[in-house]
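I have placed the structure first, in the form of structure tokens, so that the comments after it can refer back to it.
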Amino acid sequence: MSTEPNLRTQNTGWIEVIAGCMFSGKTEELIRRIQRVKIARQPFIIFRPKIDNRYSTSLLVSHNQNKMEAHLISKPEEILELSQDAKVIGIDECQFFNNTIVSVCDTLANQGKRVICAGLDQDYKGIPFEPVSQLLANAEYITKTLAICVVCGNPANKTQRKSTNTERVLIGSSEYYEARCRSCYNETNEIGDNDN
């Protein structure tokens, strides 16, 4: 577990990664950090992938319905073009971007910017999600978020898919997924009864 950086002693750019399973509060934590940036009157911008249109087409929205304005983008290179005036850049759902997001984040940090990324660290099979695993390796600060297992109530770090759909990316929320602990997680995905 890591804490936020001490902003008074930092004089350079850096990357922060908030990673965990679904329903673990990643977006909520990203919004919390950006709210503090807003209070400090630092120029910021938030990005999220166009592919994720679950709650809004113009806002960053957590599962708890907390919201902030965000720019929807198709490819990571757009972040460089749109964030020139920002000191802090928030990027949600990083797992939906290609690996170019890693070099984009490095470029921004090298420009002296604070880059806050949030994303799933594993897919529903428990396989590390690129590019989040590479972002974790490059980050100065890492926060691992945990959910609550819906079966037993223990800390959960796995995303259980409730559908028999086997595509790696299936955009959805509680209709397709639930948080599970190590013991209650079923990697063979045999609980699915919603074929989509």
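The values are calculated or read from the model by the stated rules, or taken from the named source; none is laboratory data. Treat the numbers as computed from the prediction; the structure is a model and nothing was measured. Every residue, glycine among them, receives a Cβ derived from its backbone with ideal geometry; neighbour counts consider all protein chains shown.
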Residue hits (region 73-98; without any contact (Cβ under 8 Å) to a residue 40 or more places away in the chain, surrounded by 19 or more Cβ atoms within 10 Å (Cβ to Cβ), closer than 16 Å to residue 34 by Cβ and not polar (S, T, N, Q)) are 79
Would you check which residues across region 150-190 are among the polar types (S, T, N, Q) and surrounded by 18 or more Cβ atoms within 10 Å (Cβ to Cβ) and list them?
-> 157, 159, 160, 163
Selection count where residues are within 13 Å of residue 119 (Cα to Cα) and basic (Lys, Arg), scope region 21-36 = 1
Would you check if there is a residue in region 99-110 being part of a loop (DSSP other than H, G, I, E, B) and in contact (Cβ under 8 Å) with a residue 40 or more places away in the chain?
-> no
Kindly establish whether residue 78 is over 30 Å from residue 13 (Cα atoms), over 17 Å from the mean Cα position of the chain (by Cα) and among the charged types (D, E, K, R).
-> no
May I ask you to list the residues in region 105-149 that are farther than 17 Å from residue 186 by Cβ, charged (D, E, K, R) and surrounded by fewer than 19 Cβ atoms within 10 Å (Cβ to Cβ)?
-> 106, 130, 140, 144
Residues of region 163-196 being at pLDDT 85 or above, closer than 18 Å to residue 150 by Cα and of a type outside the set (Gly, Ala, Ser), which ones?
-> 176, 177, 178, 180, 181, 182, 184, 185, 186
